[in-house]
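The values are calculated or read from the model by the stated rules, or taken from the named source; none is laboratory data. Note that this is a predicted model, so its numbers are computed, not measured. A quick note on method: Cβ atoms are made from the backbone with ideal geometry, for glycine too, and the neighbour counts reach across all protein chains shown.
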Amino acid sequence: MVYMSSFKGQNWLIPQSIHDMVPKNHICFFVEEFVDSLDFSEFDMINEGAGHPSYHPRIIMKVIIQGMLSKERSSRKLASACRENFVFMYLAEKVQPEFSTICRFRRNNKEIVKEAFKETIKLADEHDLIDLNLICTDGSKIKANASKKMCLTKEQIGKLDSIIDKMIEEDISQDEIDKEICGNKEENLTNLEIKNLKEIVKKYRESKNKEKIKEKYNIAQEEFDKDFQLKRVSLSDPDCRMMQNKKGFFELDYNVQFTVDSKNQIIVANDVCKDTDDFRQLEPQVKQTKENIQFKEDTRLSTDCGYNSGENLKFLEDEGITGYIPNKEQAKNREQKIKFDNYEYDEEANEVISDGKRFRYSGTYYNKKDRYRFHRYRNKEFKLNRDVPEFFRERLRMKKKMETTEAKKIYALRKSIVEPVIGNIKYNLGFDKFSMKGLKNAKLELNLASIAHNLKKIWIKRGILSANNKNLIFYLIIKNNQIEL
């Protein structure tokens, strides 16, 4: 058998500059160019004073952004890459930050990262890569860094809280703990729940700082006080919520939101929230988009039926934004039901027409259970009522619009505009789970993912093809506008 010759033990003659070790058209050079253009004066003001000199923020920022592009977010692995990988060694400018330095930078500089995301939007706008004639908003679920075993009910957290109090006061035995957990049979705890409780108590019993553990329970209790409908809270990350993913499984997630332009799929707004649905996320997305980039007079917005609420439709009309949002029945091409706007409205008489019967306005009421206002219309002849949403007029106008061929075509574009962006971030960038805990940290990570997405889009449109196309440079013409390299 003949093998290729190798050169073990032979001295290497490598270029004197790390720059020469990196492929000429690598995206890291664009990351470097972008980060060097950022203003870090705010960082300088915060960190001014006595003490050991800090790494320049541009170094850590370059490493973190390149890590997101390279599907590597672990601070320990990023620190290792700055010692072993030529791309990261080049971006780190021949220094070797520790993992704790990278982690601390991310944790303490959320506003700087947020401003960097806004700068990507400005950069894309300067290169004429954003078209606000149509923007699309959509949400998705991303797993939180939390365990289901640590997700407990209010009663279970209260029980553990009392056990921790006893631990602080005295050293109680494991038998006493087991008796405390299993003593009340009326709670109907499953064997798995009892097992999880015992494991949690055992883990915390071995901890030296029980006062810190007490703080975790207090934070979890506060989450229950904020939302009375909340059934379970995670002790490891109280901000995340149990949500159902597309596969039908329930897991601890955050709800992430994206607003994307229709020309080059540039993310113009993003957010992370605790809500299990998207009803309350449209208004914040529109407002954030307006903060990041100026709207056009004829800007149109398309979303799926998850954003179809009277409040959202009223908001869009007040803002002068043309929306294309079907109701659930229209989105699924099903037969209309009464509760989904299957009625007509006589504006002059202020009467609702349903099944050939007219219903006159009776009053406005508030549903305490579901927390929404509705109007009641009554037909005295047949002694029937029709309850319609508070903003039913806006709903009917949207329903009528979405029945037109033009509206259906515009709505269909949403699938090819915003959904590929979510797929790119989850699968191409590998961002399918948060690595940090807490809502604020989750927003930080999403901003980093959005920066990576936008920079790669701009980098490609500026003319650099992928390595599979031999790194050729070309001029891309979009709608008769030549983009400058």
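Here are the numbers:
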{"item": "Total residues in the stretch 82-112, condition out of contact with any Ser or Thr (no Cβ under 7 Å at 6 or more places or on another chain) and assigned to a helix (DSSP H, G or I)", "result": "19"}
{"item": "Which listed residue, of GLU329, GLU335, is in a helix (DSSP H, G or I), modelled with pLDDT under 90 and of a type in the set (Asp, Glu)", "result": "GLU329"}
{"item": "Residue check for GLU115: surrounded by fewer than 18 Cβ atoms within 10 Å (Cβ to Cβ), not assigned by TED's automatic domain parsing to the domain that holds ARG232 and not hydroxyl-bearing (Ser, Thr, Tyr)", "result": "yes"}
{"item": "Selection within the stretch 396-429 - crowded, with 20+ Cβ neighbours inside 10 Å, more than 23 Å from ASP131 (Cα to Cα) and of a type outside the set (A, V, I, L, M)", "result": "LYS399"}
{"item": "Residue within the stretch 342-349 that is modelled with pLDDT of 90 or more, touching a Ser or Thr at 6+ places or on another chain (Cβ under 9 Å) and not aromatic (Phe, Trp, Tyr) present", "result": "no"}
{"item": "So GLU119, is it among the acidic types (Asp, Glu), out of contact with any helix residue (DSSP H, G or I) (no Cβ under 6 Å at 6 or more places or on another chain) and closer than 30 Å to GLN16 by Cβ", "result": "no"}
{"item": "Residue within the stretch 225-243 that is at pLDDT 90 or above, more than 21 Å from THR303 (Cα to Cα), within 20 Å of the chain's Cα centre (by Cα) and among the basic types (Lys, Arg) present", "result": "yes"}
{"item": "Every residue from the stretch 70-81 that is crowded, with 17+ Cβ neighbours inside 10 Å and not in a helix (DSSP H, G or I)", "result": "SER70, GLU72, ARG73"}
{"item": "Residues (closer than 17 Å to PHE258 by Cα and in a helix (DSSP H, G or I)) located in the stretch 302-319", "result": "CYS305, GLY306, TYR307, ASN312"}
{"item": "The stretch 268-289, subset of a type in the set (A, V, I, L, M, F, W, C) and part of a strand (DSSP E or B), residue surrounded by the fewest Cβ atoms within 10 Å (Cβ to Cβ)", "result": "CYS273"}
{"item": "Residue, farthest from the chain's Cα centre (by Cα), within the stretch 290-301, restricted to residues that are among the basic types (Lys, Arg) and either farther than 24 Å from GLU115 by Cα or outside any helix (DSSP H, G or I) (or both)", "result": "LYS296"}
{"item": "Selection count where residues are at pLDDT below 85 and surrounded by 12 or more Cβ atoms within 10 Å (Cβ to Cβ), scope the stretch 356-372", "result": "1"}
{"item": "Meets criteria (under 25 Å from ASP304 (Cα atoms), among the basic types (Lys, Arg) and part of a strand (DSSP E or B)) for ARG373", "result": "yes"}
{"item": "Residues (surrounded by 20 or more Cβ atoms within 10 Å (Cβ to Cβ) and either free of Cβ contacts under 8 Å to residues at least 24 places away in the same chain or hydrophobic (A, V, I, L, M, F, W, C) (or both)) located in the stretch 294-315", "result": "LEU301, LEU313"}
